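Notes follow once the structure below has been shown.
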Amino acid sequence: MKFVALHFQILYKSKKIMYNEKKAMIIKERTHKLEEKLFETEAMMISWFIELRWIAFALALIFCLWGVYIFGVVKESTCRVPLTIFTVSIGISNGIFLYLSKKQISTRLQLFIQIISDLFILTGILHHSGGAENPLFMLYVFHVFIASILLSKSDAYKVTVMACVFFATLSILEYSHILPHYTLEVFPHYEDKHASHDPLYTFGILGVFIMVMFVSTLFATSLAENLRTQIKKQKEIASQLVQAAKMSAIGEIAGNIAHEINNPIGIIIMKTKTLLSDFRQHLSEKVISDIEKIDKHAARIATIITGLLSFARPSVNKKEPLDINKVIEESFNLIRSRVEIERISLKFDLEGNLPRIIGNFNELQQVIINIVNNAVDAMPDGGELMVRTSRSGYMNNQTTEDVEIEIADTGKGIPSEHKELIFTPFFTTKGKKGTGLGLTICDGIIRDHNGKIRIESTLGKGSRFHIFLPCARGEQVYTGEKN
């Protein structure tokens with residue numbers, strides 16, 4: 001009956017895992033859809049820009065045919081051919097970019113080439129239709145917005161600089177009479193007098209233009225960066241929800257299974273020890289060897305079960321204000337002999353006058369001992385172990401300070417592909433020596449204390465654990481002696 005009940009419990013918890021994962025995946029899918037709407041994939045970004053350029057081509061074509069050929073808004077007839085060429089070049093270049101978009105060419109490079117070609121064409125059109133007197137020079141700002149959305153912040157400012165250089169070059173060359181000025185008939189002009197040849201107008205417009213361009217870039221890039229940050233946070237939250245759902249359900253299942261296995265394992269261990277102590281003289285060497293193996297492996301199972309129960313069981317122990325330096329000192333009093341035997345030198349840098357934290361002494365001691373034991377295991381030929389405490393703002397909590405515990409070793413390090421897995425239940429790099437539960441339990445204890453734990457590691461150079469714990473609310477400074 002117990003087996004049947006356990007079977008149904010496992011089925012129930014498995015369904016719960018699937019439900020939680022499904023719920024978390026829905027959130028993740030919504031985040032992904034939002035990301036697609038705001039920042040398209042590389043192929044879609046180029047496609048979107050090309051669509052915009054087709055619209056610009058259509059509008060330029062209408063302006064050229066209607067304004068130049070029908071209404072004659074440009075005084076000089078010699079401008080008609082260049083304006084037509086520049087207008088048609090928009091469509092030709094867009095066809096070329098449409099072809100290149102299907103090739104394996106860098107997205108950033110394609111976008112840059114398109115934007116530079118647009119700036120060149122726009123400058124050519126402006127030159128043959130009034131120069132700085134044509135109010136359409138503000139069309140440059142559209143490329144700033146496009147670059148801010150599709151490219152990085154630095155690239156957006158590069159586009160802004162290029163746009164300013166194009167327009168400034170055109171304005172100064174026309175003002176200096178190096179380039180001829182073509183009259184835009186829409187605005188009144190006097191005989192042989194143009195605003196483009198007036199220094200106050202030319203440099204005034206140029207100054208306003210540069211200021212507007214850079215202010216527009218500042219606002220556009222700030223908005224784009226903010227949106228990118230929000231999307232990144234949503235993706236992280238979605239990932240955390242998936243992981244939290246898995247861990248919660250796995251913990252419940254592990255607890256149920258551990259309780260069911262714990263009793264028979266205890267009986268097996270008790271019986272094997274009884275056989276070895278009371279009946280050893282009646283048993284052959286082979287039988288004794290086999291019983292000892294049974295006892296050894298049963299004890300290993302018991303260790304795993306104890307870890308599972310610790311992992312699955314929520315903390316109900318009392319938490320109280322603690323001096324984290326005292327917790328570290330007491331922890332090393334228990335394991336100092338092992339550290340010395342393994343020829344590992346200890347270095348302490350414990351900051352005095354740290355604010356106290358609210359925590360459970362035994363649980364935090366368990367975390368420190370576990371991480372230190374892992375560090376010792378990673379240095380079989382000796383090494384250096386450094387423990388540091390300090391104030392920290394890592395958790396960015398406006399109501400309380402944080403205390404950081406840093407434990408660094410000079411051991412083997414952890415491969416980059418394993419860093420994401422070290423807090424996963426049953427994952428171990430120690431082979432048969434490890435249960436894969438130690439760091440999982442540590443992670444659970446730190447989370448229960450509303451803290452965070454992260455790791456930095458370089459293969460062959462060592463690992464560095466950072467533990468962040470919030471201080472007690474309203475706690476000022478614990479006046480302890482500096483260690």
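The values are calculated or read from the model by the stated rules, or taken from the named source; none is laboratory data. Predicted model only: the values in this text are computed from it and were never measured. Virtual Cβ from ideal backbone geometry, glycine too; neighbours counted across all protein chains shown. Keep in mind that these areas ignore ligands, DNA and RNA; they rest on the heavy atoms of the full protein, side chains included. Shrake-Rupley method; radii C 1.70, N 1.55, O 1.52, S 1.80 Å.
Suppose R0 equals 41 Å. What FRET efficiency, 1/(1 + (r/R0)^6) with r the Cβ-Cβ distance, do Ser152 and Ala58 give to the nearest 0.05?
0.85
Along the Cα→Cβ direction, 7 angstrom out, place labels at His418 and Glu342. What is the inter-label distance in nm?
Output for this residue pair reads 1.4 nm.
Can you figure out the FRET efficiency of Ile267 with Ile455, using R₀ = 30 Å and their beta-carbon distance, to the nearest 0.05?
Values: r = 39 Å, r/R0 = 1.31.
Once the sixth-power term is evaluated, E becomes 0.15.
Arrange the residues Ser196, Ser345 by how much accessible surface each exposes, largest first, with a 1.4 angstrom probe. Intermediate values should be presented prior to the final figure.
Working: Ser196 5, Ser345 55 Å².
The ranking, largest first, comes out as Ser345, Ser196.
Using only protein heavy atoms and a 1.4 Å probe, report how much of Thr272 is accessible, in Å² to the nearest 10.
The accessible area comes out at roughly 10 Å².
I want to check the label-to-label distance for Asp349 and Ile210. Put each point 7 Å from Cα in the C-beta direction and report it in nm to one decimal.
4.7 nm
Gain in length, Val165 to His177, computed as 0.36 nm per residue apart minus the alpha-carbon separation, to one decimal in nm?
Numbers: separation 12, 0.36 × 12 = 4.32 nm, distance 1.80 nm.
Using 0.36 nm per residue and subtracting the Cα-Cα distance, I get 2.5 nm.
Quick one: net charge around Arg388, please, counting Lys, Arg +1 and Asp, Glu -1 for every other residue with C-beta under 11 Å from its C-beta. Kindly include the intermediate steps, with their values, before the conclusion.
Details: positive: Lys347, Arg464; negative: Asp349, Glu351, Glu404, Glu406.
Net charge in that neighbourhood comes out at -2.
Sort Asp349, Asp323, Asp402 by heavy-atom solvent-accessible area, probe 1.4 angstrom, most to least.
Largest accessible area first, the residues go Asp349, Asp323, Asp402.
For Met162, Met379, give the ranking by accessible area with the largest first, probe 1.4 Å.
Correct descending sequence by accessible area is Met162, Met379.
Which pairs break 29 Å Cα to Cα here: Lys158/Lys461; Lys296/Lys461; Lys319/Lys452; Lys347/Lys412?
Lys158/Lys461; Lys296/Lys461
What is the spin-label model distance, in nm, from Lys326 to Phe219 if the labels are put 7 Å beyond Cα along the C-beta direction?
For Lys326 paired with Phe219, the spin-label model returns 5.8 nm.
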